[in-house]
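Here's the structure, in structure tokens; my notes come after.
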Amino acid sequence: MLEAASPLRQRGSVLMKRINQIEPWLGDEEKQELASVIESGWFTEAQKTREFERFFAEYVGSEYAIAVNHGTVSLTIACMALDIGPGDEVIIPDFTMIASPNAVRLAGATPVMVDISRKTLCIDIAAAEAAITPRTKAIMPVLLNGRHPDMGTLKVLARKHGLSLVEDAAQALGSRSTGKHLGVFGEIGSFSFSTPKIITTGQGGMLVTHDAGLYEKMMKLKDFGRRQKGEDIHIMMGYNFKFTEFQAAVGMAQMRKLDWRVQRKKDMFRLYRVLLDGIPRVTFMETDLDDTSPWFVDVLVEGEARDALMEHLKERGIGTRPFYPPIHAQAPYAHIKGHFPICDSVCGQGLWLPSSSFLSDDDIARVCDEIKCFFR
Ligand SMILES: Cc1ncc(COP(=O)(O)O)c(C=O)c1O
């Protein structure tokens, strides 16, 4: 259970509300939706899941959407649907949650890590091009924190080399590039509804595609390769990656709140930027808030100060989270050779500040006051 359950904390004589780095936010609407599923008497994915998939496809502007049990297996399903497996390579940025390369490994293929761009914190397109080999089957840009590389250039590069584009949009729900929702530029896009995301179904993932053939294949991959729902004739290899009606119920209620949250995340980012202006050792990424909805408010803290700042905030009841270490620095990928200077530098400085959608402006002001206090 998240620490939200104990909101008050004693500090000196003042009762301080604990501010976690991120918390989910569910309410009566989710309870009512869940009750309707319990009363329906059927819980494995069915009508409510189809409704959620349609709603989602419409929201992101995709032809099809397929709900699956999480945003890691969704990337594995994407690889399987594109016949990516043993002997094949997928190019991935070195700065991502470990799920991205792990999902490729689960499909039997090899993730090839490349450095990121300092401007977007997303894949460096020139580095991706340099990493293409005869074994490369796909590029997997990770749309980290709602930001994106130049999607047009990436698409042209993929086309030129006959590669698929699988977008890891786990952190990009509500974010766009020149007005078009992220996740719909390539063959397949993948989203996550894990508990910290902008909306959650506890666990959950969504695949989107414009391609009817890929849609049919992914629907079968997640349901034991069944020819049709409700019958036990299996026409291809498939697994159980299905959703539940409970998740779809929560997802529907959460989707109705998404537009408000997208705006709130943008407003929160702006407020942090204003309040922390003038602290020379804290810098914000250049962020186009027309398109980008930063799921987490992220800053770079220069020098060795980041970990001490985290400790200072922790002692004052404020949670933060350091950026993921580079993938090549994680134990399962220690064998990876390469040169990732931007990733190495950014990952050592990056900090995610409290970003729950329900934080008030006063909460944010308190976090910023404590940061200023640390640097004084
Ligand atoms: C970039 C990225 N990809 C994939 C995932 C995996 O999603 P899930 O936790 O739903 O499996 C995450 C989850 O945080 C993520 O941030």
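The values are calculated or read from the model by the stated rules, or taken from the named source; none is laboratory data. Values in this document were obtained by computation on a predicted structure and should not be read as measured data. Glycine also receives a Cβ, built like all others from the backbone with ideal geometry; neighbour counts cover every protein chain displayed.
Please determine, by comparing only the residues of region 170-201 that are hydroxyl-bearing (Ser, Thr, Tyr) and more than 11 Å from the ligand (Cβ to nearest atom), which one is nearest to the chain's Cα centre (by Cα).
So the residue we want is Ser175.
Please find, among Ala109, Ala103, Ala131, Ala127, the residue that is within 14 Å of the ligand (Cβ to nearest atom) and either surrounded by fewer than 24 Cβ atoms within 10 Å (Cβ to Cβ) or closer than 23 Å to His328 by Cα (or both).
Just a single option satisfies the conditions, and that option is Ala103.
Among what's in region 88-100 and is of a type in the set (A, V, I, L, M, F, W, C) and away from the ligand (no atom under 12 Å from the Cβ), pick the residue that is surrounded by the most Cβ atoms within 10 Å (Cβ to Cβ).
If we take residues in region 88-100 being of a type in the set (A, V, I, L, M, F, W, C) and away from the ligand (no atom under 12 Å from the Cβ), then Val90 is surrounded by the most Cβ atoms within 10 Å (Cβ to Cβ).
How about region 233-347: which helices (runs of 4 or more DSSP H) wholly inside it have at least 3 residues that are without any contact (Cβ under 8 Å) to a residue 40 or more places away in the chain and outside the structural domain of Lys197 (by TED's automatic domain parsing)?
In region 233-347, 258-275, 305-315 are the helices (runs of 4 or more DSSP H) which contain 3 or more residues that are without any contact (Cβ under 8 Å) to a residue 40 or more places away in the chain and outside the structural domain of Lys197 (by TED's automatic domain parsing).
Just give me the residues in region 109-133 being in contact with a Lys or Arg (Cβ under 8 Å, 6 or more places away or on another chain) and either part of a loop (DSSP other than H, G, I, E, B) or assigned by TED's automatic domain parsing to the domain that holds Gly348 (or both), in sequence order.
Ala109, Thr120, Leu121, Cys122
So, Met206, is that one part of a helix (DSSP H, G or I), assigned by TED's automatic domain parsing to the domain that holds Arg147 and either closer than 30 Å to Lys31 by Cβ or touching a residue at least 24 places away in the same chain (Cβ under 8 Å) (or both) or not?
In short, no.
Taking Lys229 and the conditions (1) among the charged types (D, E, K, R); (2) modelled with pLDDT of 95 or more; (3) farther than 22 Å from Ala99 by Cβ; (4) outside any helix (DSSP H, G or I), which numbered condition does it fall short on, given that it satisfies the others?
(2)
Mind listing whichever residues of region 70-87 are more than 16 Å from the ligand (Cβ to nearest atom) and polar (S, T, N, Q)?
Of everything in region 70-87, nothing turns out to be more than 16 Å from the ligand (Cβ to nearest atom) and polar (S, T, N, Q).
Would you call Leu214 in a helix (DSSP H, G or I) and either within 16 Å of the ligand (Cβ to nearest atom) or surrounded by 19 or more Cβ atoms within 10 Å (Cβ to Cβ) (or both)?
When the stated conditions are applied, Leu214 passes them.
Evaluate the following for Ile19: is it more than 15 Å from the ligand (Cβ to nearest atom), at negative phi and free of Cβ contacts under 8 Å to residues at least 12 places away in the same chain?
no
Could you run through region 38-69 and say how many residues are of a type outside the set (Phe, Trp, Tyr), away from the ligand (no atom under 16 Å from the Cβ) and either part of a loop (DSSP other than H, G, I, E, B) or outside the structural domain of Asn240 (by TED's automatic domain parsing) (or both)?
6
Surrounded by fewer than 16 Cβ atoms within 10 Å (Cβ to Cβ), at pLDDT below 95 and either in a helix (DSSP H, G or I) or polar (S, T, N, Q) (or both) - does that describe any residue in region 11-34?
There is at least one residue in region 11-34 that is surrounded by fewer than 16 Cβ atoms within 10 Å (Cβ to Cβ), at pLDDT below 95 and either in a helix (DSSP H, G or I) or polar (S, T, N, Q) (or both).
Just a yes or no: is a residue in region 358-366 small (Gly, Ala, Ser) and at pLDDT below 95?
For region 358-366, residues small (Gly, Ala, Ser) and at pLDDT below 95: absent.
State all residues of region 311-328 that are within 20 Å of Ser356 (Cα to Cα) and buried (at least 19 other Cβ atoms within 10 Å of the Cβ); if no residue qualifies, say none.
Within region 311-328, Leu313, Gly317, Ile318, Gly319, Thr320, Phe323 qualify.
So if I check each of Gln228, Gln203, which one is within 28 Å of Gly41 (Cα to Cα) and loosely packed, with under 15 Cβ neighbours inside 10 Å?
Gln228
Residues in region 160-169 that are within 15 Å of the ligand (Cβ to nearest atom) and closer than 19 Å to Thr136 by Cβ: how many?
3
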